[in-house]
Amino acid sequence: MRILLFLFITTCMFGQDMPADSVKFPDDFFGRYTGMLTIDNGSNVQEIEMSFELSVTDTLGVYNYVLGYQGQAPREYLLKTVDADKGLYQVDEQNDIVLDARLVGQTLISIFEVQGNLITTREEFFTDGRMIFEITMVQTDKPEISGGTSEEIPEVKSYPVRVVQRAYLSRRD
């Protein structure tokens, strides 16, 4: 009975999206997405309007990747294809900063460190015009250290999550 319930719930949750082999990234996800971004730093939560745009350029394998945050000028980046078969891309901030990214299924993931902060970005695309945009930030200079008591139990560094930004966006055009 539990297996049937699990299969039913899984089908309801994920059944609305197309199979991964029939989806082409980034072509099937071009458009402008909008919604509210929630920023949670552990002691304060705020919401601001956000937009994300993915569109073609005149250069093959290079796409406009534009982030918009309420009250700020748009951040105009480029998404560059490195090896589409392997899911390898780069986000070019057009200011000498280039971030490696990997597409896993329909989710683009990037991890980078800046000024003592390790940041993970995640954009999950759905064929029904939705996407989830998420940024997680940890501070790398003050890890929690545990383990390290023997060869079988290595030292482990844990980084408490400082900030999570998450938006559920919908394609508008």
query = Would you list F29, F125 from fewest to most Cβ contacts within 10 Å?
reply = F29, F125
ask   = Using unit Cβ charges (K, R positive; D, E negative) and no other charged atoms, how large, in debye to the nearest 20, is the dipole of the chain about its Cα centre?
value = 460
query = Given T59, T121, Y89, which one lies farthest toward the positive end of the charge dipole of the chain, if we put +1 on the Cβ of every Lys and Arg and -1 on the Cβ of every Asp and Glu?
reply = T121
ask   = Which one of D96, D128, D40 has the biggest mean-square fluctuation once the chain is modelled by GNM with Cα springs under 10 Å?
value = D96
message = With a cut-off of 8 Å between alpha carbons and a minimum separation of six or more residues, what is the relative contact order of the range 78-173 in percent?
response = 17
message = Can you tell me, using C-alpha contacts under 8 Å and at least 6 residues apart, the relative contact order of the chain as a whole percent?
response = 20
ask   = Where the centroid of each part is defined by its Cα atoms, how far is the range 115-173 from the range 18-72 in Å?
value = 18
query = How do F133, F126, F30 rank when sorted from fewest to most other Cβ atoms within 10 Å of their own Cβ?
reply = F30, F126, F133
request  = Rank-order 61-70, 143-152 by packing density, defined as the average count of other C-beta atoms within 10 Å over each peptide's residues, highest first.
outcome  = 61-70, 143-152
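Any read-out appearing in this document is the output of simple, stated calculations on the displayed coordinates, not a laboratory observation. Everything numeric here is computed off the predicted structure, so don't read it as measured data. All Cβ positions, even for glycine, are placed from backbone atoms using ideal geometry, and neighbour counts span all protein chains on display.
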